[in-house]
1. For the ranges 74-87, 226-239, 124-137, what's the packing order if you count other beta-carbon atoms within 10 Å of each residue, average per peptide, and put the highest first?
2. Please report the Cα spread of segment 26-94 along all three principal axes, rounded to whole Å, starting with the longest.
3. Using only Cα atoms, what Kirkwood radius does segment 190-249 have, in angstroms?
4. What percentage of the solvent-accessible surface of segment 106-153, computed with a 1.4 Å probe over protein heavy atoms, is contributed by carbon and sulfur atoms?
5. Heavy atoms only, probe 1.4 Å: what % of the accessible area of segment 21-98 goes to carbon and sulfur, would you let me know?
6. Mind checking which of Ala139, Ala156, Ala204 has the largest fluctuation in a GNM of the chain, springs on alpha carbons under 10 Å?
7. With θ set to phi - 60° and the Karplus curve 6.51 cos²θ - 1.76 cosθ + 1.60, what are the ³J(HN,Hα) couplings of segment 110-123 in order, to the nearest whole Hz, using x for Gly and Pro?
8. Express in whole angstrom the spacing between the alpha-carbon centres of segment 14-34 and segment 225-243.
Amino acid sequence: MLNLGEVKLPTDKDYEDMRQLCESEQGWTIDYTKNNIKIWTKQNEQSPFKMIRARCELSDVSASVLYNVIQDDDYRRQWDTKLDSCHDICYISPCSNIGYYAFKSPKPFKNRDFVTQRCWLDLGENNDKILFNHSVNHAKFPPKKGYVRGVSFITATLIKYTSPKSCIFYYVTQSDPGGSFPAWVVNSTTRVIAPKFMKKIYKACLKYEKWKAKHNPGFMPWVNPEQVTVPRIDWNDIQTLDLSHFKNNQVDESQISENQIQDNDADED
């Protein structure tokens with residue numbers, strides 16, 4: 001498994017580790033079960049936010065469609081109302097790049113952003129797909145004013161093929177959005193945020209093929225690496241990721257109460 005801040009080509013073992021992380025039930029506590037979604041959590045010392053493991057059975061979405069929805073940043077800008085901006089910074093290989101993602105937080109919280117190395121493996125049309133990311137430190141994308149830099153210790157997705165029109169969606173993440181949050185935000189992660197995230201991706205999947213047919217249908221650089229337009233990685237830009245480096249950009253939002261929120265995600269459909 002890649003270490004935090006480490007940039008390298010993923011190995012077969014890295015992908016197998018991600019599969020095991022998603023499928024293993026050892027050490028997890030079930031926190032949420034409703035319809036086709038289950039959420040487990042695990043506490044550790046890396047973050048006040050619990051590690052989350054989600055499983056969702058999709059009876060009417062193929063593995064390929066879910067994989068493409070996750071990979072297609074142009075489409076994500078359409079369906080993900082919490083996305084502020086996203087773009088690739090550089091590519092490492094046909095199955096790995098470094099990217100920037102910024103997310104809107106409900107006011108008065110500050111927005112968050114992340115710089116991560118992303119890796120992916122598609123085992124074929126009628127087979128599983130594995131994706132994962134972790135935070136890295138790119139010299140040209142330091143923490144910037146107006147955003148709190150978050151850290152993805154590890155975020156993994158396993159898409160298990162079950163039939164030509166169905167799949168199982170596993171999602172595991174250990175991340176820290178930075179700053180100090182009130183307890184009610186930490187506690188709502190599994191009750192509200194994680195289930196809503198799964199539901200939003202599912203709804204996006206149902207509309208993807210129709211949308212893609214009208215929006216540059218041949219452009220899929222995660223499938224066709226010759227379509228990649230960002231520059232190759234400059235290894236001089238990769239710096240050590242020291243978590244203390246981000247403390248100067250952190251904020252204390254622990255006193256914000258739930259009734260101060262102007263755009264509460266819990267109220268979104």
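1. Numbers: 74-87: 14.6, 226-239: 12.1, 124-137: 19.8.
Highest mean packing first, the order is 124-137, 74-87, 226-239.
2. That works out to 36, 35, 27 Å along the principal axes.
3. Details: mean 1/r = 0.0621 Å⁻¹.
Computed over segment 190-249, the radius equals 16.1 Å.
4. On the way: 940 of 1880 Å².
For segment 106-153, the apolar C and S fraction of the accessible surface comes to 50 percent.
5. Working: 1590 of 3630 Å².
Here it works out to 44 percent.
6. Judging by the Gaussian network model, the answer is Ala139.
7. 7, 5, 10, 9, 9, 10, 9, 8, 10, 9, 8, 9, 9, 7
8. 30
The values are calculated or read from the model by the stated rules, or taken from the named source; none is laboratory data. All values reported here derive from a predicted model rather than from experimental measurement. Here the Cβ is made from the backbone with ideal geometry for all residues, glycine too, and neighbour counts use every protein chain on show. Heavy atoms of the whole protein, side chains included, go into the accessibility calculation; ligands, DNA and RNA do not. Shrake-Rupley method; radii C 1.70, N 1.55, O 1.52, S 1.80 Å.
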